[in-house]
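Visitor: Dumping the structure here so I can ask a few things about it.
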Amino acid sequence: MAGPDLIRTLLYTVNNLLQQEKYKAALAVLKGFRNGAVYGAKIRAPHALVMTFLFRSGSLKDKFKAILKATYTHSRNLACFVFTYKGLQALQQKLQGKTLQSHSFLAACVGGWLVFGDNNNINSQINMYLLSRILFALSRLAVEKGFIPQPKHDPFPLFATLVWGIVLWLFEYYPHTLQPSLQSSMNYLYHDSNVWHDISDFLVYNKPRTAAQN
């Protein structure tokens, strides 16, 4: 009975600690680290799985190593960023006795520099993903604050026109400027579809099986 009693006592102690208001800020930082790690793994694992098996060559062992490495890197970086961001936010609030909008910006800047400032494939993808989102958000905010007038017509068709026109122009004539993963996707869609030899690599396979194995 000692074992179950000890576990119940331990759980009671931990749950009681989690309810203490004076520890809330520190516990929120730890919970943020946990959520960052879990979310990063959930986001990266399926993406890495699909992209690796679609476009990466090598043995099955090498592919699984690449998937695990990408998942670990994304999960670790996001966990560390959330930990840093929430920790610096709490510190600024404690020092100044109130919450300011600048706290969020400064904490995120420091976290971004420390965690996502390393120029690698994972960080590059995450930063570019965020860039597209903040450009949309800033445009909406500018309209909301009255800095630019409300468009009379939906600007999304023009946006789509320019995005696709520019990216395909870059791909066809300056492909080295695009991310490797985007180059691979576009090669598959636009260049590999120009080559076939018979019905097998016209409908079944992207490339002849012998060529794909080399």
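Visitor: Report the full-extension gain for the segment ASN187 to VAL110: residue separation times 0.36 nm, less the Cα-Cα distance, to one decimal in nm.
Guide: Extra length available between ASN187 and VAL110 comes to 24.0 nm.
Visitor: Taking the Cα atoms of the chain, report the difference between the largest and smallest coordinate on each principal axis, in whole Å and largest first.
Guide: Per principal axis, max minus min of the Cα coordinates gives 71, 63, 29 Å.
Visitor: Taking 0.36 nm per residue of separation and subtracting the Cα-Cα distance, what length does fully extending MET51 through ASN35 add?
Guide: 3.3 nm
Visitor: Let me ask you something else. Segment 97-137: D in µm²/s via Stokes-Einstein (Kirkwood Rh, Cα pairs, 20 °C, 1.002 mPa s)?
Guide: Estimated diffusion coefficient is 186 µm²/s.
Visitor: Return the carbon/sulfur percentage of the accessible area of segment 1-143, one whole number, probe 1.4 Å, all protein chains in place.
Guide: Carbon and sulfur atoms account for 66 percent of the accessible area of segment 1-143.
Visitor: Still on this structure, please answer the following. Where the eigenvalues come from the Cα gyration tensor of segment 23-122, what are the semi-axes √(5λ) of the equivalent ellipsoid, largest first, in whole Å?
Guide: Result for segment 23-122: semi-axes of 34, 13, 8 Å.
Visitor: Given a Förster distance of 22 angstrom, what is the FRET efficiency for LEU130 paired with LEU17, based on the Cβ-Cβ distance and rounded to 0.05?
Guide: Once the sixth-power term is evaluated, E becomes 0.05.
Visitor: Oh, and also: Take the chain, mark every one of the trypsin sites (Lys or Arg not before Pro) that falls in a DSSP loop and has at most 14 other Cβ within 10 Å, then report the longest stretch left between them, sites excluded.
Guide: For trypsin sites (Lys or Arg not before Pro) (loop position, at most 14 other Cβ atoms within 10 Å), the longest site-free span of the chain is 153-214.
Visitor: Full extension from TRP169 to ALA26: what is 0.36 nm times the residue separation minus their Cα-Cα distance, to one decimal in nm?
Guide: Length difference between fully extended and current span is 46.5 nm.
Visitor: Let me have the 222 nm mean residue ellipticity of the chain computed from DSSP H runs of 4+ only, each contributing -39500 (n - 2.57), with the sum over all residues rounded to the nearest 500.
Guide: -25000 deg cm²/dmol
Visitor: Please give the per residue accessible area of segment 1-80, computed with a probe of 1.4 Å over protein heavy atoms only, in Å².
Guide: Heavy-atom SASA per residue in segment 1-80 reads 74 Å².
Visitor: Moving on to the next point. Which value in Å is the Kirkwood Rh of segment 159-203 over different Cα pairs?
Guide: For segment 159-203, inverting the mean 1/r across all distinct Cα pairs yields 11.7 Å.
Visitor: For the chain, set up a Gaussian network in which alpha carbons nearer than 10 Å are linked by springs, and say which option among ALA137, ALA41, ALA107 fluctuates the most.
Guide: Largest GNM mean-square fluctuation: ALA137.
The values are calculated or read from the model by the stated rules, or taken from the named source; none is laboratory data. A quick note: this is a predicted structure, and the numbers were derived from the prediction, not measured. As a convention, Cβ positions derive from the backbone with ideal geometry for all residues, glycine included, and neighbour counts pool all protein chains shown. The accessibility values were calculated without ligands, DNA or RNA, using every heavy atom of the protein model including side chains. Shrake-Rupley method; radii C 1.70, N 1.55, O 1.52, S 1.80 Å.
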